Amino acid sequence: MNIGEVSKKAGLPPKTIRYYEDIGLITPLRDPNGYRSFRDSDMHKLAFLGRARALGFTIEDCRNLLALWDDQDRASADVRAIAKEHLAQIESKIADLAAIRDTLSHLVRECAGDGRPDCPILNKLEKFST
């Protein structure tokens, strides 16, 4: 398959596929003319990477997950450890976003939003910068 075909099948843009090749996540064959030639196994790896990235795994996590996926003697505990660490990071980000939402919701409620120049939102932002 050429890059256009594998792009459609894996659901990834060609630019992403070339990036994954550049960083060593996939290694397609090369035709005598220098064009990439993707095997079915490359397409499956790319689809796997696309799903892992959609779940927010880092490139390094994806590299480790891909290595574990390729390793038939892997321990599922290794996979679980990567997923648990990622889940903990997501939960931390959710807590941070909830705190931001609560602060911003409070500020929006406090702002009259009328023609007066006084604005609690700007006042709070001013206090954040000092």
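The values are calculated or read from the model by the stated rules, or taken from the named source; none is laboratory data. Since we're looking at a predicted model, the values are computed, not measured. Side chains are part of the model used for accessible areas, which takes the heavy atoms of the whole protein and leaves out ligands, DNA and RNA. Shrake-Rupley method; radii C 1.70, N 1.55, O 1.52, S 1.80 Å.
Quick notes on this one:
- The H on the amide N of SER37, modeled in the peptide plane, is under 5 Å from the matching H of LEU29, ARG30, ASP31, each at least 5 residues off or on a different chain.
- Per the Debye calculation on the range 1-57 with a single equal scatterer at every Cα and no solvent contribution, log₁₀ I(q)/I(0) for q = 0.25, 0.31 Å⁻¹ amounts to -1.00, -1.47.
- Within the straight-line cut-off of under 16 Å between alpha carbons, the aspartates and glutamates reachable from LYS127 are GLU110, ASP118, sequence neighbours fewer than 8 places apart in one chain being disregarded.
- Here's the list of aspartates and glutamates a cross-link from LYS93 could span, going by alpha-carbon distance under 13 Å and ignoring same-chain residues fewer than 8 apart: GLU85.
- Where N is the number of residues in the chain, Cα Rg divided by 2.2 N^0.38 Å: 1.65
- If you sort ASP96, ASP73, ASP42 by accessible surface, 1.4 Å probe, largest first, the order is ASP73, ASP96, ASP42.
- Spherically averaged projected area of the convex hull of Cα atoms, the range 75-129: 5.0 nm².
- Highest mobility in the GNM of the chain, judged by mean-square fluctuation with C-alpha springs under 10 Å and restricted to ILE90, ILE100, ILE59, is found for ILE100.
- Anchor LYS45: lysines whose Cα lies under 27 Å away (excluding residues fewer than 8 positions away in-chain): LYS8, LYS9, LYS15, LYS84
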